[in-house]
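Below is one structure; the comments refer to it alone.
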Amino acid sequence: MNAMDTAQLDMRARTILTDNDRGGYTVPTAGLYPYQWNWDSAFAALGFASFDRDRAWRELETLMAGQWDDGMVPHIQFHVPDPGYFPGPDIWQGRGPVPSSGITQPPVAATVVRRLFDRDPVAGRDRAAALYPKLLAWHRWFMDWRCDRGRVFVTHPWEAGRDNAPDWDSAMAAIDPAGVMDYHRRDTDHVDASMRPTRADYDRYVWLLQYGRDTGWDPARIAAKGPFRVADPGQQFILLRAMRDLAALGTALGEETAGVAGWITALEAGAAALWNPDLAAFDACDLTTGVRAGALTNASFLCWYAGIDRSEMRAHLARICDALPFCLPSLDPADPRYEPKRYWRGPVWAVMNLMAGNGMAEMGLTAAAETLRTRTADLIAEHGFAEYFDPETGAPAGGAHFTWTAAVWLAWASPSAKG
Ligand code: GLC
């Protein structure tokens, strides 16, 4: 890529972020996702940080302003109603200060706050200090209500941010969606149905939503008796990483961080328990039945991001990156369930690559990290700022003009990125 191409792509990425800016928060893409999504916002902030630091902080402040009394930060905040999206605020009936969903999403925010603070410790101090107790409360909520002996679990596939990953197959199959409301899904109005989860999946998503809502979003009941409790390597590694960043931030701000250190120890033990020797990889586990997913996914490759290295994971990485022109696929192509175009069962997501690549670089897998970064850059340069991509052809899929892909470009993949 020459300097001119880079400058043009940087400009396009900035335009996407500003186009998707709704004033204090960013939508993932107009139409398909017209609200504020939790982890998308954290990545948006990383992107904004490359050209507008104030706007980056504001994105995170808006996100955390939607926090519930119990510490939960919802996966969607419905700031302005949009009838083109299902399920909307009237269906979810979240009980926070902003109309919202009732589940959370991967806690990337603390990691981004630390990054912004480290770059600007003087000017960013007050803003980081104001966010710190909120992040702490959210992380405590995870430890109280989404953690089983150190293993972090999700109570809905959407909570993992990897909607139809094979990780959930066994728990989803056990659900009988009897009594699911009549509904018209809106995602397939915007993009091709062959790229989206199936109708059977969707019935269960809606049924699980109804279950949680009928408890009044009671975290104790959902954690103890809920119909869907799956330990998720993605959530595990992202929370563990976020805890390490929260501890570092707390120390820099002069806070007492012994409690966070205790959580880190618990999460490290939980991560070890997600190792599946039969798969030789980190793997999801249905906590109700003990059944393992047997799925090597891009979430498994977030181990380095959490500060955990395993030689078997390095071998999987080399094998898969040799087999495919574009990495990381969301499922091992050797898995019979692999589908290169269907949502989280094969395609490449730039945000997963950014986290995996950062982790790899930090843990000394320098060459592999650089390969992943340059291949992600080629993918975006050749195929645009799509929601996700086919790992075999690079074909763009899902929504276009996508916030988090633009953010990944600016923060990491672009030759101009400062890291
Ligand atoms: C899809 C993704 C989820 C993301 C959302 C908005 O639901 O699976 O991870 O947050 O879209 O981009």
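The values are calculated or read from the model by the stated rules, or taken from the named source; none is laboratory data. Given the structure is predicted, the values throughout are model-derived calculations rather than measurements. Glycine also receives a Cβ, built like all others from the backbone with ideal geometry; neighbour counts cover every protein chain displayed. Remember, those area values only see protein heavy atoms, side chains included, never the ligands or the DNA or RNA. Shrake-Rupley method; radii C 1.70, N 1.55, O 1.52, S 1.80 Å.
Remarks
- Region 14-159: proportion of alpha-carbon pairs further apart than 18 angstrom, %: 55 percent
- Taking amide H atoms as placed 1.01 Å from N in the peptide plane, the amide H of Phe282 lies under 5 Å from those of Asn276, each 5 or more residues away in sequence or on another chain.
- Accessible surface ranking for Glu159, Glu362, 1.4 angstrom probe, highest first: Glu362, Glu159.
- Local charge for Tyr183 was computed over the other residues whose Cβ lies under 11 Å away, with Lys and Arg +1 and Asp and Glu -1, and equals +1.
- Helix-derived mean residue ellipticity, 222 nm - over the chain, DSSP H n ≥ 4, -39500 (n - 2.57), to 500: -14500 deg cm²/dmol
- Alpha carbon centroid spacing (whole Å) that separates region 148-201 from region 18-64: 25 Å
- Equivalent-ellipsoid semi-axes of the chain, from the Cα gyration tensor, Å, largest first: 27, 25, 24
- Between Val230 and Val154, Leu287, the built amide H atoms are under 5 Å apart, and every one of these is 5 or more places off in sequence or on another chain.
- For region 219-323, the gyration tensor built on C-alpha atoms gives an oblate shape. Its axis ratio a/c (a ≥ b ≥ c) is at least 1.5, and a/b is not larger than b/c.
- Between Thr29, Thr289, Ser311, the Cα set farthest toward the positive side of the dipole of the chain (charges on each charged residue's Cβ, about the Cα centre) is that of Ser311.
- Kirkwood Rh, Cα atoms: Rg over Rh of region 277-327: 1.01
- Axial C-alpha extent at least 20 Å, average Kyte-Doolittle at least -0.5 - helices from the chain (DSSP): 3-19, 125-145, 233-252, 258-273, 366-383
- Highest mean packing first, where packing is the average number of other Cβ atoms within 10 Å per residue, the peptides 336-345, 102-111 line up as 102-111, 336-345.
- Percentage of interatomic Cα-Cα distances in region 336-419 larger than 17 Å: 44 percent
- Amide H contacts under 5 Å for Gln36: Gln77, His79, restricted to partners 5 or more places along the chain or on a different chain, H placed in the peptide plane at 1.01 Å from N.
- The charge dipole of the chain, taken about the Cα centre with unit charges on the Cβ atoms of Lys, Arg (+1) and Asp, Glu (-1), comes to about 500 debye, rounded to the nearest 20.
- Accessible surface computed residue by residue for region 249-367, with neighbouring protein chains in place and a 1.4 Å probe, gives 36 Å² per residue.
- Surface composition of the chain: carbon and sulfur make up 53 percent of the accessible area, probe 1.4 Å.
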